[in-house]
Amino acid sequence: MIGNTMSQTVVLGVIGSDAHVVGITILEQAFSAAGFDVVNLGVQTSQEQFAEAAADHDAGAVLVSSLYGHAEQDCQGFHQVLEEAGVDAVTYIGGNLAVGQDDFEQTRRTFRELGFDRVFDSETDPEEAIAALRQDLEITPTESERVSVSS
Amino acid sequence: MIGNTMSQTVVLGVIGSDAHVVGITILEQAFSAAGFDVVNLGVQTSQEQFAEAAADHDAGAVLVSSLYGHAEQDCQGFHQVLEEAGVDAVTYIGGNLAVGQDDFEQTRRTFRELGFDRVFDSETDPEEAIAALRQDLEITPTESERVSVSS
Amino acid sequence: MIRDERIPSDELRRIDDEIRSNWETGSEVDFEEAISYHESLPDHKRFADVLESADKPLLQPRAGVPRLDDQIELLEYLHREGQADLLPTTIDSYTRDNEYGKAQEGLEKARETGEDTLNGFPAVNHGVDGCRELIEAIDAPIEVRHGTPDARLLAAITFAGGFQSFEGGPISYNIPYTKRHGLEETIERWQFVDRLAGAYTERGVRINREPFGPLTGTLVPPSIAIAIMLVEGKLAATQGVRSITLGYGQVGNVVQDVAALNALQKLGDEYLPDEVVVTTVFHEWMGGFPPDEARANGVIGLGGMTAAIARPDKVITKSPQEFQGVPTKEANASGLRTTRQVIDMAIEQDIDIDGIEDEQELIERETRCLMETIHEHGDGDVVQGTIEAFDSGALDVPFAPSDSAKGAVLPARDDDGRVRIFEWADLEMDDDIKEIHKARLSRRADTEGRDQSFRMVADDVDAISDGKLIGRPRSTQSQEGA
Amino acid sequence: MIRDERIPSDELRRIDDEIRSNWETGSEVDFEEAISYHESLPDHKRFADVLESADKPLLQPRAGVPRLDDQIELLEYLHREGQADLLPTTIDSYTRDNEYGKAQEGLEKARETGEDTLNGFPAVNHGVDGCRELIEAIDAPIEVRHGTPDARLLAAITFAGGFQSFEGGPISYNIPYTKRHGLEETIERWQFVDRLAGAYTERGVRINREPFGPLTGTLVPPSIAIAIMLVEGKLAATQGVRSITLGYGQVGNVVQDVAALNALQKLGDEYLPDEVVVTTVFHEWMGGFPPDEARANGVIGLGGMTAAIARPDKVITKSPQEFQGVPTKEANASGLRTTRQVIDMAIEQDIDIDGIEDEQELIERETRCLMETIHEHGDGDVVQGTIEAFDSGALDVPFAPSDSAKGAVLPARDDDGRVRIFEWADLEMDDDIKEIHKARLSRRADTEGRDQSFRMVADDVDAISDGKLIGRPRSTQSQEGA
């Protein structure tokens, strides 16, 4: 699969019962300004709502935000739900992903194992996510995995 | 000895190496306003300077202030020095008289034993000292000892 | 179609009976008996009277724990050690979602383990008697604070339980708090709450109502907050409420904050009926706090200074531990005392800052534009106007999670740190006002040598927790340094 | 008779040789070698340059412990965790009394036991090499702060040791600090200190000198403090000092404090020679602090706010533990960060308070009266004029313990909390200015329903530590309350 043919549509949302809206609003603005088509599902979005929106819009990327510390629980089985809906998109997650976030590398491994292509902490600038997504949508996922992300 | 014949002159000073001037300035003003003749010796006043001034002015009262916590040491033998100089005055002491001033009653006893007629803590209003002095200078010292001082 | 009309008595009784059957403690409520109970309370526990007769800002913290004994101990501590003038009882999240069963489980677990298994006081579960024990134990007025879209049972029980002040409103406890409750639904439910407060008021028990001013707590332009306060104030007045405290959350620019509080009081007096006593409450900074108690105390200090100049009737204080969430009682009391010290040192000074009148005039003009569009959207009915104006985006709140608001308007600070509107979306506003905002933001862009963009918004959101008011780009900041 | 004249070179050398023989480390000083040493220091350790080129207020704490390693660790901590821009080294009391032997005993005991047996850093005992170790270890400029009437040997050693800033002066380190040192004596000794700083300055090493502005720290009327700053600045300039930082201690009324700092800078530029670079330093409240860290943080917050509006070149911060004396390093850093947060949030706001210009004009007129009387008392010589004016009481400092000042003038706050003069004694002042003060104090007396009296003075001295700015009588306070 060659990135250039991939959709420039990005589905954004805050997963679970989390109601933190500021970050997702900023991300929506940043990705729009960077030329992406953004579908912002807002806060308190279920796995199914992500999958449905990604399928409907043939999204190239699904960006999940979580700031209340329950991300691991909220994302269990998420990639299976996406697959079942026929979604073939790059998936990122970012935010405060664990309650006692002492070791982010451990957190990153956890979410990589859940199936996310990239994992960001809450200090990440939108620019960094945009740069990563540009790369991931234009080159094969296998190569993208070799790119080191500093966060 | 009848109080009415006693001198209305009050000698004030901060004893020892103590340089706290604010309290003594306020006291000077308060006693002057109350009609006393005030001799303010200022800060860092020695026992001998108190005695000399009290003798020179035939003082009715010697008021000693101490705020730096070394009053007990600074006042050892003070009443003997006064007596040797021929001073026959009411003596008060007030301020932060002990470093860890947990039990003021204990502190009061200590300074009463050193010879002071009245002992005040640092929260005492000048009015209270003035009222006490008016009493002490008009009635016999024996009776004045029965007056309870709240401080 | 729901309109801004007083709920008729029989309808009030019908709803009251219905909602009181939602949880067992509902049956404890007896209106006549409750009136007698309120009449038995001493003057210094009558919230509206204490607040309205104060001649300097009264301080109130936030606080709520699940067990009654613990809540009494906590409020006693804040009253004694924090010298709080007014006290709060913050309600737990399950109760806010009307999940009284889950709240009951949490409360029972709290009683067994002694741990705070709920994030607030489940007043419905404690019931009328539990509330009264609290009211009797504390020697000051207490307000119910929550965030509940459907607070009907909570109101019925806490009013009967002796509370005389109740925070919230159909917009201010919907838009910032919940995604999918419709505005029509929350307005209808809050009409009941207000009508119940009105029923007590008619019997001489003036229940104080306090719309939640800070809304989303993040760079809310003052005129948007004030318009929503006026709407909620009008809705409450229609139902018979006569003591209304309009709220405002600090944005951090002293001139704008003082101007906004002045405008809030002035427009409140103007838009609300004469028979309503309008007071104001100032919330210390509700956005992100620095992760450092020393710096947090600086934020609190600026809040106290602003309160000393603006002199609202009440100040809701923050604690130095704001960053980490719920503070210890010591930190909570410490925030109260820091605020008290700043206010008491500054309030007798004659501090009149240039530009406050101009800023106030701008805020008033903006607010009038919004009130006018609400009026037009509803053909004169404020309920329909509010629903329609939110629907069209003519009325909007930045960073609103609710589906009832577009959340498309975006704020940014100008070069002095005042909150302006960067993205208007469909917000109704006179063109010349939009030009003023644009010119102000353009001056900031010039200072920073960058275009106006969402980057400013993003930088501003984090600025105070990063130690500044304005989110300058890094290059500008380093130029500033020594 | 001592006059305001530059010490001749041979006399400078004679005194220098003499005082350096007072303690063994004096012989380590070699002026030429010291110049080379200063030239080797990087730009960011050059105190005058860093201070004079800053474009926002730099923060500096107070700190001094006896052992070198501990002092390095303490300053590193305050630089890193407190983000102090400038660092201090506070000297111990024995050194201030020139008791170098006792300081040596204390230092040795500190080294043996690891305890702080001295209340500061005995720089003379540490000698030139010890000072240089400190200068090299810390990545910021460091000032010597002390309170020494005769600081000649301390200056000789610390200047050679690489320090480029030195607090104090013949009046400001005499009148508030000591009872029986005559002014003539301290002026003569400080002429040497200033001349030594001037000698370094002539060789390109601009030693910054900082007269101690707060004086007795208790309700000092701004014009008295400013006049003494101008005198000490002039004396230093005569001896060749070219970087002078005039000081001012917060009185707590924002309008008066901003006006005073403006006046200090303006009159400093006017009265000091053109070749002197004049900067200002603002000391956070030097009077009694509340015995409560939360309330102390409120006092610090008001200080930060004042600094943000007045924008002095430097701020000396207080810690929340001020009440109990020397703070822990954590509390010290905390005071720095609270101040930083308030300044950084408020400094970009356009806060222009009404009445500052009028108050500044009054302060300037008062200061000119005092400078004029000094001029007249000395027939144009500022040294003789100062000595004679203090002697006659035409120049005076309230609450001065020194026998060199009458200490007969008494301040009290007016109804806005500005410091006025209640008892003029023999202080020289135009009658119309006295009338202004009298009218202001009379307004306060009316508000409080009591006569102007020393009671106001007494109440004001304790007010801030009791939680207020103005010492109102209790009956007025309870009227104020809710």
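The values are calculated or read from the model by the stated rules, or taken from the named source; none is laboratory data. Computed from a prediction, not measured in an experiment: that's the story for all the values here. Cβ placement follows ideal geometry from the backbone for every residue including glycine, while neighbour counts extend to all protein chains displayed. The protein model used for the area step is the full one, side chains on, heavy atoms only, and it has no ligands, DNA or RNA in it. Shrake-Rupley method; radii C 1.70, N 1.55, O 1.52, S 1.80 Å.
Determine the dipole magnitude for chain D: charges of +1 sit on the beta-carbon of Lys and Arg, -1 on that of Asp and Glu, nothing else is charged, the reference point is the Cα centre, and the result goes in debye to the nearest 20.
On the way: 51 positive and 93 negative charges, 193 e Å.
Its charge dipole is roughly 920 debye.
Would you rank C:S243, A:S122 by solvent-accessible area, highest first, keeping every protein chain in place and using a 1.4 Å probe?
Ranked from most to least accessible, the order is A:S122, C:S243.
What FRET efficiency would be calculated for the residue pair C:E361, C:E275, taking the C-beta separation as r and a Förster radius of 25 Å, to the nearest 0.05? The partial results should precede the final answer.
On the way: r = 28 Å, r/R0 = 1.11.
E between C:E361 and C:E275, to the nearest 0.05, is 0.35.
So which GluC sites (Glu not before Pro) in the stretch D:67-150 pass both tests, a DSSP loop state and at most 16 other Cβ atoms within 10 Å of the Cβ?
Sparse-neighbourhood loop GluC sites (Glu not before Pro): D:E99, D:E115.
Of D:Q191, D:I226, D:V205, which is farthest on the positive side of the dipole of the stretch D:183-231, counting Cα position, with +1 on Lys and Arg Cβ, -1 on Asp and Glu Cβ, and the Cα centre as origin?
Projecting each Cα onto the dipole axis, the largest value belongs to D:V205.
Between A:Q49 and C:D17, what is the label-to-label distance in nm when each label sits 7 Å out along the Cα-to-Cβ direction?
The two pseudo-label positions are separated by 3.8 nm.
To the nearest 20 debye, what is the magnitude of the charge dipole of the stretch C:39-83 about its Cα centre, counting +1 on the Cβ of each Lys and Arg and -1 on the Cβ of each Asp and Glu?
160 debye
Just read off the accessible area of D:D446 with the full protein assembly in place, 1.4 Å probe, to the nearest 10 Å².
Approximately 120 Å² of D:D446 is accessible to the 1.4 Å probe.
Only four residue types carry charge here, +1 at the Cβ of Lys and Arg and -1 at the Cβ of Asp and Glu. Report the dipole size of the stretch C:388-479 about the Cα centre in Debye, rounded to the nearest 20.
620 debye
With a point put 7 Å past each Cα toward its Cβ, work out how far C:E376 is from D:Q324 in nm, to one decimal.
6.3 nm
Compute the label zone of C:K102 within the stretch A:7-28: residues whose backbone N is under 20 Å from the point 7 Å along Cα-to-Cβ.
What the label zone holds, given the 20 Å backbone N cut-off, is A:14-21.
Too long at a 25 Å Cα-Cα cut-off: which of C:K56/C:K318; C:K329/D:K56; D:K234/D:K318; C:K234/C:K406; C:K468/D:K318?
Cα-Cα > 25 Å for C:K329/D:K56; D:K234/D:K318; rest within.
Between copies, how close do the D:E185 label points come, placed 7 Å along Cα→Cβ, listed in nm from shortest?
8.6
Please state, to two decimals, what the Cα-based radius of gyration of the stretch C:9-346 comes to when divided by 2.2 N^0.38 Å (N = residues).
For the stretch C:9-346, the normalised Cα radius of gyration is 0.92.
Please give the Cα centre distance for the stretch B:18-35 versus the stretch C:322-359, rounded to the nearest Å.
The two parts, judged by their Cα centres, are 36 Å apart.
From Cα pairs below 8 angstrom and at least 6 apart in sequence, can you work out the relative contact order of chain C, rounded to a whole percent?
Computed value for chain C: 15 percent relative contact order.
How much FRET efficiency would the formula 1/(1 + (r/R0)^6) give for B:S7 and B:E113, where r is the Cβ-Cβ distance and R0 is 22 Å, rounded to 0.05?
0.25
Can you tell me the relative contact order of the stretch C:77-202? Whole percent, Cα pairs under 8 Å, sequence separation 6 or more.
Normalised by residue count, the contact order of the stretch C:77-202 is 24 percent.
Which whole number gives the average count of other chain Cβ atoms within 10 Å of the Cβ atoms across peptide D:286-299?
6
Using only alpha carbon positions, build the gyration tensor of the protein assembly as shown, then give the equivalent ellipsoid semi-axes as the square roots of 5 times its eigenvalues, largest first, whole angstrom.
60, 40, 28
Which of D:A63, D:L12, D:I35 sits farthest toward the positive end of the charge dipole of the stretch D:1-64, with +1 on the Cβ of Lys and Arg and -1 on the Cβ of Asp and Glu?
D:A63
Determine, from the Cβ-Cβ distance of C:E73 and D:D139 and an R0 of 51 Å, the FRET efficiency 1/(1 + (r/R0)^6), rounded to the nearest 0.05.
Result of the calculation: an efficiency of 0.55.
Once you place label points 7 Å from the Cα toward the Cβ at C:E32 and D:D55, how far apart are they in nm?
Calculated label separation equals 7.6 nm.
Quick one: check the C-alpha center-to-center distance for the stretch C:117-140 versus the stretch C:53-98, whole angstrom.
10 Å
Would you work out which of C:T158, D:Q452, D:V251 lies farthest towards the positive end of the dipole of the protein assembly as shown? Charges go on Cβ: Lys and Arg +1, Asp and Glu -1.
C:T158
Round to a whole angstrom and tell me the spacing of the C-alpha centers of the stretch C:152-213 and the stretch B:56-80.
The stretch C:152-213 and the stretch B:56-80 have Cα centres separated by 68 Å.
Using alpha-carbon pairs under 8 Å, 6+ residues apart, how would you state the relative contact order of the stretch D:172-310 in percent?
Values: 210 pairs, mean separation 32.7, N = 139.
Reported relative contact order: 24 percent.
Show me the GluC sites (Glu not before Pro) within the stretch C:266-359 that DSSP assigns to loop and that have at most 12 other Cβ atoms within 10 Å of their Cβ. Provide the component values of the computation, followed by the final result.
Details: sites: C:E270, C:E275, C:E284, C:E293, C:E322, C:E330, C:E348, C:E357, C:E359; in loops: C:E275, C:E284, C:E348.
Sparse-neighbourhood loop GluC sites (Glu not before Pro): C:E275.
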